[in-house]
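Right, one structure below, let's go through it.
Just so you know, all these numbers are worked out from the coordinates, no wet-lab data involved. All of these numbers come straight from a predicted model, not from anything done at the bench. When we count neighbours, we look across all protein chains shown, and the Cβ atoms used for this are built from the backbone with ideal geometry, even at glycine.
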Amino acid sequence: MHAPYATMPDRSRGRQVPEEESSFRSPYQRDRDRIIHASAFRRLKHKTQVFVEHEGDNYRTRLTHSIEVGQVGRTIAGALGLNQELTEAVALAHDLGHTPFGHTGEDALHALMEPYGGFDHNAQAIRIVTRLERHYAEFDGLNLTWETLEAIAKHNGPVIEELPWALAECNAAVDLELHTHASAEAQVAALSDDIAYNNHDLHDGLRAGLFADSDIARLPLIGPCYAEVDRLYPGLDANRRRHEALRRFFGVMVGDVIDTARDLLAEAGVQSVEEVRALGRPVVKFSDPLWTDLKEIRAFLFTRMYRAPAVMEKRTKVAKVVEALFPYFLDNPLEMPERWHAEIAAATDRTVLARIVSDYIAGMTDRFALQLHERLIGKKVEV
């Protein structure tokens, strides 16, 4: 049973290229399925979350992260009476635009693209689903519904400052009303992203030996979870103890978002998705006390994991891969695969060419970028 403020498929604003609707799948199911079958989605399995993809089979990649975000999103959306299919579609698509080597690769590519309009992974996700996936006979991209495009574009909320060029291009063709908040489903997908990485980055940091259980047991929210496990299961082996504590932390975050969103939605009295968009503030968020505690956990992760010396050493190495490949292809664009040659020939200036090169590099997996660097630049980067 959907809440009145849920996004209903029979009221969708439709697709840029009209299509006959399926008799057995809703529009948002079709969006989700197209995302899952996209080439960019498959490549996420070999793209960095925090650790370079080949460092260990048990660390998260962008693909496993996206699947976890989808699971969290469906849970929260179901509890709130929202459209689970739309929420899952957005969750699975939110990282499609990520470069190889995670945020390190994005930072390097953005710096290189500065003279040509910069690079933004959220905007690149929109570019992928509207242009770069080229499999269908009648359109470029995936021809997703307006609601799914809106949700991807507003992953971080309304876009009211200068638009990234890739998002501006899409918005010129399809007005996504970027000045408003997105649907509640989109807001759930964004919070699910935070929940997933807050939880799994602790798992991965522990596995990598960057910190110990005793370190995170001193943190708010997490400490009580370890204490409860120790009370219920004294003498539990270390791995099971860790798993039980962190799954409780995970549950605390999910439960807090559900309870807080219910209160905010009731307080706002919204009766439609249009009223959610027009409200001028989010309706899906963490409670203030939990957010205060989460900021302490995030600060811990930033210092002990994202900026750990071992991680920073690898960041420096992989940034050089992107920094070498971009100028190489900008000067030798026909070295790119043949499927790019028609676009290269049609490029009217160096900015257009740079954006084509950026598309190519952003789509690379970690391993492909490393192999290409060794073959073309002549240097093997050990990471």
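Let me have the relative contact order for the stretch 161-280, percent, based on Cα pairs under 8 Å that are six or more residues apart.
On the way: 54 pairs, mean separation 44.5, N = 120.
Dividing the mean separation by the residue count of the stretch 161-280 yields 37 percent.
In the stretch 24-383, with Lys and Arg counted as +1 and Asp and Glu as -1 at Cβ, which of these residues, N198, F211, H94, has the Cα nearest the positive end of the dipole, that is, farthest along it?
F211
Tell me, what is the percent relative contact order of the chain, built from C-alpha pairs under 8 Å that lie six or more residues apart? Provide the component values of the computation, followed by the final result.
Values: 563 pairs, mean separation 80.4, N = 383.
In percent, rounded to a whole number, it is 21.
Could you please rank S287, S66, S22, S214, placing first whichever residue has the fewest other Cβ atoms within 10 Å of its Cβ?
Values: S287 15, S66 27, S22 11, S214 8.
Sorted ascending by nearby Cβ count, the order is S214, S22, S287, S66.
Counting other Cβ atoms within 10 Å of each Cβ, which trypsin sites (Lys or Arg not before Pro) in the stretch 353-383 have at most 15 and sit in a DSSP loop?
On the way: sites: R355, R367, R375, K379, K380; in loops: K379, K380.
Counting only loop positions with at most 15 other Cβ atoms within 10 Å, the trypsin sites (Lys or Arg not before Pro) in the stretch 353-383 are K379, K380.
Within the set of other residues whose C-beta is less than 10 Å from the C-beta of R277, count the net charge using Lys and Arg as +1 and Asp and Glu as -1. Walk me through the numbers before you get to the answer.
Numbers: positive: K154; negative: E150, E177, E274, E275.
Neighbour charge sum, excluding R277 itself: -3.
For the stretch 297-383, take every pair of Cα atoms, bin their distances at 5 Å starting from 0, and report each bin as a whole percent.
Percent of Cα pairs in each bin: 3, 13, 21, 18, 14, 12, 8, 6, 4, 1.
Which loop GluC sites (Glu not before Pro) in the stretch 1-108, with loop taken from DSSP, have no more than 15 other Cβ atoms within 10 angstrom of their Cβ? Walk me through the numbers before you get to the answer.
On the way: sites: E19, E20, E21, E53, E55, E68, E85, E88, E106; in loops: E19, E20, E21.
Those that pass, being in a loop and sparsely packed, are E19, E20, E21.
Would you work out the relative contact order for the stretch 20-174, in percent, from Cα pairs under 8 angstrom that are 6 or more residues apart?
On the way: 211 pairs, mean separation 32.9, N = 155.
It comes to 21 percent, rounded to a whole number.
When Rg is the radius of gyration of the Cα atoms in the stretch 24-383 and Rh is its Kirkwood radius, what does Rg/Rh come to? Before the final figure, lay out each step's value.
On the way: Rg = 21.2 Å, Rh = 21.6 Å.
My calculation of the ratio gives 0.98.
Taking the beta-carbon count within 10 Å as an exposure proxy, list T104, T365, T348 from fewest neighbours to most.
Details: T104 24, T365 20, T348 7.
Ordered by Cβ neighbours within 10 Å, fewest first: T348, T365, T104.
Would you list which lysines come within 30 Å of K154, measuring only between C-alpha atoms, while excluding same-chain residues fewer than 8 positions from it?
Leaving aside lysines fewer than 8 places away in the same chain, those within reach of K154 are K45, K47, K285, K295.
Using Cα centres only, tell me the gap between the stretch 243-298 and the stretch 331-383 in whole Å.
Here the answer is 41 Å between Cα centres.
How high is the FRET efficiency from S23 to K317, r the C-beta distance, R0 51 Å, rounded to 0.05? Before the final figure, lay out the partial values.
Working: r = 52 Å, r/R0 = 1.02.
For R0 = 51 Å, the calculated efficiency reads 0.45.
How do Y233, Y328 rank when sorted from fewest to most other Cβ atoms within 10 Å of their own Cβ?
Numbers: Y233 12, Y328 17.
By the 10 Å Cβ count, ascending: Y233, Y328.
Normalised by the empirical 2.2 N^0.38 Å for globular proteins, what value does the Cα Rg of the stretch 47-156 take? Don't skip to the end; give the middle numbers.
Working: Rg = 15.3 Å, N = 110, 2.2 N^0.38 = 13.1 Å.
In units of the globular-protein estimate, the stretch 47-156 measures up at 1.16.
Mind checking the stretch 138-225 for GluC sites (Glu not before Pro) that DSSP puts in a loop (not H, G, I, E or B) and that have at most 12 other Cβ atoms within 10 Å? Don't skip to the answer; put the middle values down first.
Working: sites: E138, E147, E150, E161, E162, E169, E177, E185; in loops: E138, E161, E162, E177.
Passing both the DSSP loop test and the Cβ count: E138, E161, E162.
With Cβ to Cβ distances under 10 Å as the rule, what net charge do the other residues near L206 carry (K, R +1; D, E -1)?
Values: positive: R207, R242; negative: D201, D204, D213, D215.
Neighbourhood net charge equals -2.
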